[in-house]
Amino acid sequence: MSPLSKVMPTGTEPEAGARTIKAQVGIPVHIRLWEDRTRGEQWVPSYDPGVMSLVEDDFLRIASNNAVDAGQRSFEFRPVAAGTHRLVFEKRMGWKFTSEDRQIYYVTVS
C-alpha cells in the first residue's frame, strides 16, 4: 500500500473522541453526564433496544437555587446481547433543531 493511500473505513471503527466501555451480558452499565437544566439542556440517548435495554434514567441535582438547576444525569443500561454496541447521547435544547453536543460510547459486551 502506498504511503499516500488511506484505509477505507468499514463502519465499525469508533469515531474520534468516542469512549469504549467493556461489559458483560446482564451486568448494568452506568453513564453519567452533566446537565444544566437552567439552560434547557437535556441528554437524549439513541441506542438499539434489542441489544441494550434502558433500566434507569435519573437526575441528581447538585446546584439548585432560584437561578440555577444543574446536576448529573445518570443512565443505566443492561446489555442483553454480546457484541459491540453503539450508544449516542445528544445534548438537546428545547428550542433548537440540532444538538449542542454529542457523546458516543461503544459498549463491548462479552
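Worth pointing out:
- Residue order by solvent-accessible surface for Thr20, Thr108 is Thr20, Thr108, largest first, with ligands and nucleic acids left out and a 1.4 Å probe.
- Ligands, DNA and RNA aside, Val80 has an accessible area near 80 Å² when probed at 1.4 Å.
- Computed with a 1.4 Å probe over protein heavy atoms only, the accessible area of Asp57 comes to about 70 Å².
- Where Arg78, Arg19 fall by accessible area, highest first, once all protein chains stay in place (1.4 Å): Arg19, Arg78
The values are calculated or read from the model by the stated rules, or taken from the named source; none is laboratory data. The structure presented is a predicted model; accordingly, all values stated were derived computationally and were not measured. Note: accessible area is taken over every heavy atom of the protein model, side chains too, but ligands, DNA and RNA are not part of it. Shrake-Rupley method; radii C 1.70, N 1.55, O 1.52, S 1.80 Å.
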